[in-house]
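The values are calculated or read from the model by the stated rules, or taken from the named source; none is laboratory data. All values reported here derive from a predicted model rather than from experimental measurement. Backbone-built Cβ (ideal geometry, glycine too); neighbour counts: all protein chains shown. Surface accessibility is based on the protein's heavy atoms, side chains included, excluding ligands, DNA and RNA. Shrake-Rupley method; radii C 1.70, N 1.55, O 1.52, S 1.80 Å.
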Amino acid sequence: MQAEIRKTIIDVVGENGGHLASNLGVVELTVALHRVFSSPKDAIIWDVSHQCYAHKLLTGRYEDFSTLRKKDGLSGFTKKAESPHDYFDNGHSSTSISQGLGLITARRLQGQEGKVIVVIGDGAMTGGLAFEGLCNASQYGKNMIIILNDNQMSIDRNTGAFSSYLSRLTMTSHYQTFRRAVDSLVGKIPFGKGISKFIYRFKRGLKGLFLSNNLFSDFGFEYVGPLDGHDEKSLEKVLKRVKNMSNPVVVHVVTKKGKGYSPAEDHPERFHGIGPFCISDGTVEKFDTLSFTESFSSSLVKLAEKKPKIVGITAAMAKGTGLAAFERHFPDRFFDVGISEEHAVTFAGGLSKGGLIPVVCIYSTFIQRSFDQVVHDVSLQKAHVVMILDRAGAVPGDGETHQGIFDIALFRPVPDIEIMSPASSADLDLCLNYAVNSNSSVVIRYPKMSCPSEQEVFNSPVVRGQGVLLKSSELFPSLEIFLEDELSVKKILFVTTGGMYSEVVKASRALLMENVLSDIYTLRFIKPIDETKIAEIFTIYDGIVFVEDGIKTGGISEYLSLLCEKKLIHNYAIKAFPEGFYSQGSREEVLSEAGLSVNDIKNAALNLIR
């Protein structure tokens, strides 16, 4: 069974992309859990839930598994709408213990039966929320089982004291020798239930002689492990014993990311979240285009060579955010704080007050977790911190939990925060230079996509509060061949965040075929806005279309529409994400669902002048 599960996962992820290494590492654990416990009566909660592929295959979704991460297909995470076996729509780290404690408490108060099993990785345990849940669960977590999946990895290799602590637990040679000997002996003797419990507790007591400082025992949990996470039969035996215990239990399981597929075993960080790849050798097709992440990475290294005060901070995402190159060049100035976004931001505030220039790199959807810290520990302190929000706007593949559409509305109301939205590689380089050399708290947001190729039009100097006005004649040098009579042509202005620039250029080109001219104003600054300058620009157009890769409510488009009304300009339209959560699909499919496709943008302009 395990071999078939692994083959299915490798085949589908090779075709669709997804999280491979983490899923291959928990196959035996997943099989053992479903053999011992009765899901969904016994609730299995997967932290982050990117490792739930085997769980999906075992809970009635085998036939649909080829649709994984595709539009209208299976989600790459647990999803309540898919199956009663999925209790939460999880996609962020360190939430599972608190969720499980809430669920088991609700069941107890209502007289309902069933265990709650939480599966959380050692990387997720570095998150502060996990420890908050752990402290509370020891008091209220009767019938709760925490499976600690210890693979020495989160997305990148784990760092910090907790990772070192777990390594000490798993590497204690005396304990490992003792455990194997006693387990072998006990397994051969037909003890009754009562004697079995005595032996089990006797083992736990002896374990204390070898592991005198067990964190989980000190927290009030029964502790079992470390166990071989790829020995399914042994796992099953232990889980059956644990199932009969009423006290909260931590079962420490050691697994290997990428198990059973050598490219993923050798490079688990590369196969954490991966696009389609060649199954025979694990290679991924390379493209010549430069992504925003790669552009940022190169620009930061160049800046850091000139400015020794620049330091880089990541929350376990060095590769995903482009900080891996910075780490290679400046290891003493690089800090991976684990999956602790709140700490990352407050830490940056402290670094700034100490005279350094911290650059904090976090995905847009994960910065939501640090909102309080941005307000209290950065903005209020007037700290010079540069916050890089990768994966802003539409995010392909990962669905509702990963769309980066809330950051503009979140941070626009915060005092003394500047928000920048580069539209190209050259623009990003200018924005980063400005942010590093300013004395402000600056957010720079950009999407997960290739940089547009029109670099030369973004070489205008950065002026605080102003964007870049791109004339049709600059974008389309052969403009005259499209127009019937340039004097009678209607003129549209697109006002766009940088992340939507590519779609807006395509819409602008399509309008030429309709004999409509359109210029583009890219919002290099989302905050502050030079209202006088932009109002002057607004007045010379027949219609204005605001295009934003963020939520409409509280967004920059809504704000600028109020400026239009103030200046008695009524012929405008807003194209932004309507309130809601957006499921997985390609970038084009996500934008289309939100009414932000190229055709939607073009039609919004035509409706203003017809």
> If you scan the range 27-36, which residues turn out to be over 29 Å from SER340 (Cα atoms) and either in contact with a Lys or Arg (Cβ under 6 Å, 6 or more places away or on another chain) or without any contact (Cβ under 8 Å) to a residue 40 or more places away in the chain (or both)?
Replying inline: HIS34, VAL36
> Does VAL31 satisfy the criteria of being in a helix (DSSP H, G or I) and within 21 Å of THR283 (Cβ to Cβ)?
Replying inline: no
> When the range 298-321 is examined, which residues are found to be out of contact with any strand residue (DSSP E or B) (no Cβ under 9 Å at 6 or more places or on another chain) and not β-branched (Val, Ile, Thr)?
Replying inline: SER298, SER299, LYS302, GLU305, LYS306, PRO308, LYS319
> How about the range 588-598: which of its residues are assigned to a helix (DSSP H, G or I), touching a residue at least 12 places away in the same chain (Cβ under 8 Å) and under 14 Å from ALA576 (Cα atoms)?
Replying inline: VAL590, LEU591, VAL598
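To keep it simple, each residue is scored yes or no on (1) assigned to a helix (DSSP H, G or I); (2) on the phi < 0 side of the Ramachandran plot; (3) open to solvent by less than 20 Å² (accessible area, probe 1.4 Å).
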residue: SER234; (1), (2), (3): yes, yes, no
residue: VAL242; (1), (2), (3): yes, yes, yes
residue: VAL253; (1), (2), (3): no, yes, yes
residue: GLY258; (1), (2), (3): no, no, yes
residue: GLU269; (1), (2), (3): no, yes, no
residue: GLY282; (1), (2), (3): no, no, yes
residue: GLU285; (1), (2), (3): no, yes, no
> Within the set of pairs 6+ apart or on separate chains, which have a first residue in the range 399-419 that is without any contact (Cβ under 8 Å) to a residue 60 or more places away in the chain and farther than 25 Å from PHE77 by Cα, a second that is in a helix (DSSP H, G or I) and among the hydroxyl-bearing types (Ser, Thr, Tyr), and C-beta atoms under 6 Å apart?
Replying inline: VAL414/SER379; PRO415/SER379; ASP416/SER379
>> One residue is enough: does the range 293-301 have a residue meeting the conditions in a loop (DSSP other than H, G, I, E, B) and either on the phi < 0 side of the Ramachandran plot or not charged (D, E, K, R) (or both)?
In response: no
>> Can you report the number of residues in the range 427-446 which are in a helix (DSSP H, G or I) and open to solvent by less than 20 Å² (accessible area, probe 1.4 Å)?
In response: 6
> Which numbered condition trips up ASP228, out of (1) touching a Ser or Thr at 6+ places or on another chain (Cβ under 7 Å); (2) buried (at least 21 other Cβ atoms within 10 Å of the Cβ)?
Replying inline: (2)
>> I need a count of the residues in the range 410-426 that are in contact with an Asp or Glu (Cβ under 9 Å, 6 or more places away or on another chain) and either more than 17 Å from GLN466 (Cβ to Cβ) or open to solvent by 10 Å² or more (accessible area, probe 1.4 Å) (or both).
In response: 2
> Which one is most open to solvent (accessible area, probe 1.4 Å), of the residues in the range 525-575 that are of a type in the set (Phe, Trp, Tyr) and in contact with a helix residue (DSSP H, G or I) (Cβ under 7 Å, 6 or more places away or on another chain)?
Replying inline: TYR572
>> Looking only at the range 289-309, filter to residues that are farther than 18 Å from ARG445 by Cβ and among the charged types (D, E, K, R); which one of those is most open to solvent (accessible area, probe 1.4 Å)?
In response: LYS306
> Do we have ALA594 as at pLDDT 95 or above, within 30 Å of PHE77 (Cα to Cα) and in contact with a Gly (Cβ under 6 Å, 6 or more places away or on another chain) here?
Replying inline: no
> Which of the residues spanning the range 41-97 are assigned to a loop (DSSP other than H, G, I, E, B), small (Gly, Ala, Ser) and either out of contact with any Lys or Arg (no Cβ under 9 Å at 6 or more places or on another chain) or buried (at least 19 other Cβ atoms within 10 Å of the Cβ) (or both)?
Replying inline: SER49, GLY60, GLY73, SER75, GLY76, ALA81, GLY91, SER93, SER94
